[in-house]
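Right, one structure below, let's go through it.
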Amino acid sequence: MHFAMPPRKTSRPPPYAARNNQTTSLVPPTLRNLLRSKPRAVAGAVLGFLTLLWLLGVIGGGSSSAPLVNIPKVAIGSGVPVVIVTVLNPSANPAWVQKIKANREEYAKKHGYLTHFPTPSQYPLNNAPTSWARVPALRHAMTLHPGSTFFWYLDPSALIMATDLNLEAHLLRPAVIEKHMITNAPVVPPDSVIKTFGNLKGDRIDFVVAQDKEGLAPTSFVVRNGEWAKYFLDAWFDPIYRSYNFQKAESHALEHIVQWHGTILAKLAMVPQSLLNAYVAGPHADGGQYKEGDLVATFPGCDKDGRDCSREQQPFFEILDRKRQGYN
């Protein structure tokens, strides 16, 4: 049996093929293929679009009577001018801890400042040395006191001795900073190739720190509240630096970011030790040894190598007691 050959197709098809389904003609071919082959993808895209609209408030209550929560922004300068931050180890001698607190609180009360005394366990140090806690402690204080202008970190190895000196008038006013800031000097003495800028203005400074004989001395330093300060503290507390085996932990990490991040160096004022962080003993810079009338007396390393801060500081507590009683 022979079967007929299929009809030969014309070499000239009509310009428009006839459509049998009127409904199908309303759907573009690309979309029709997508609907046929990827229904789940289409459903996911639609769901994602609706979710986006809901998040933007177009759907899901954007026009409801319930108002959105509006957290007011606190203006910097509307709060107390200075917050003193000291991180205290809860395992330290309780009597000594109370003396350190009283030293800060009495000074703060006299000048209208506030204090903040957190512990290292409050922060995610991830096995880094507890001395790192000073960095998130400052961020914590900024969150608690967003209207304050300056945050002064003061290590428990330091005592405020010249209690009549107002920190702002003593150091933080722009004209005073410009007068005392050390310019064109190596960040890490004696021969660091990175030097402090020589043309900075006092009103552009957001970070004030002293330098001892070996480098920056972050046992006493001041940060001005603002977005830059948050960036600076976050950069300093980066997990990479905390996990890196710096010999002096956060101190060497600070020197690193100051030298290799121009945005930090451009906000730095390095001042003489006698203004902010005079050493009773230790590797002080020229003129950096504590003398009567200096704001701060620091006992560097008194909490290490078997030393005892409470014992070393006791003669200075006695000096403060005599001043409090009205005689030298």
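What number comes out for the charge environment of W228, summing +1 per Lys or Arg and -1 per Asp or Glu over other residues with Cβ under 12 Å away? The answer is +1. When we measure straight from the Cα of K213, which lysines land under 27 angstrom away, once same-chain ones fewer than 8 places off are left out? Straight-distance partners of K213: K179, K195, K201, K248, K267, K291, K304.
Other residues with beta-carbon under 14 Å from the beta-carbon of K213 carry, at +1 per Lys or Arg and -1 per Asp or Glu, a net charge of -4.
Given charges of +1 on the Cβ of Lys and Arg and -1 on the Cβ of Asp and Glu, with all other atoms neutral, how large is the dipole of segment 95-224 about its Cα centre, in debye to the nearest 20?
200
The HN-Hα couplings worked out from phi for segment 217-223 by the Karplus form 6.51 cos²θ - 1.76 cosθ + 1.60 (θ = phi - 60°) are 10, x, 7, 8, 7, 10, 10 Hz, whole numbers, x standing for Gly and Pro. Close amide-amide hydrogen proximity is noted between F150 and V82, V83, N225, each under 5 Å apart and 5 or more residues distant or on a separate chain (H modeled in the peptide plane; Pro and chain starts excluded). Looking at the P(r) of segment 259-299, how many percent of alpha-carbon pairs lie beyond 14 Å? Considering segment 259-299, 48 percent of its Cα-Cα pairs are separated by more than 14 Å. In terms of surrounding Cβ atoms within a 10 Å radius of their Cβ, Y244, Y123 rank from fewest to most as Y244, Y123.
Label segment 193-238 by shape, choosing from rounded, prolate and oblate, from the square roots a ≥ b ≥ c of the eigenvalues of the Cα gyration tensor; if a/c is under 1.5 it is rounded, and otherwise prolate applies when a/b is larger than b/c, oblate when it is not. Walk me through the numbers before you get to the answer.
Numbers: a/c = 1.63, a/b = 1.15, b/c = 1.42.
Here segment 193-238 falls in the oblate category.
Taking 17 Å as the straight-line reach from the Cα of K73, the lysines in range (excluding those fewer than 8 positions away in the same chain) are K230.
Given axes a ≥ b ≥ c from the Cα gyration tensor, I'd like to know whether segment 82-325 is rounded (a/c under 1.5), prolate (a/b larger than b/c) or oblate. It is rounded, given that a/c, with a ≥ b ≥ c, falls under 1.5. Across segment 258-264, rounded Karplus estimates of 3J(HN,Hα) from the backbone phi angles (6.51 cos²θ - 1.76 cosθ + 1.60, θ = phi - 60°) give 5, 6, 10, 10, x, 5, 8 Hz, Gly and Pro being marked x.
Across segment 140-202, counting alpha-carbon atoms alone, Rg and Dmax equal 15.2, 40 Å.
Laboratory data are not the source of any read-out in this text; all were calculated from the coordinates shown. Since this is a predicted model, take the numbers as computed values, not measurements. Please note: Cβ atoms are built from the backbone with ideal geometry, for glycine as well, and neighbour counts cover all protein chains shown.
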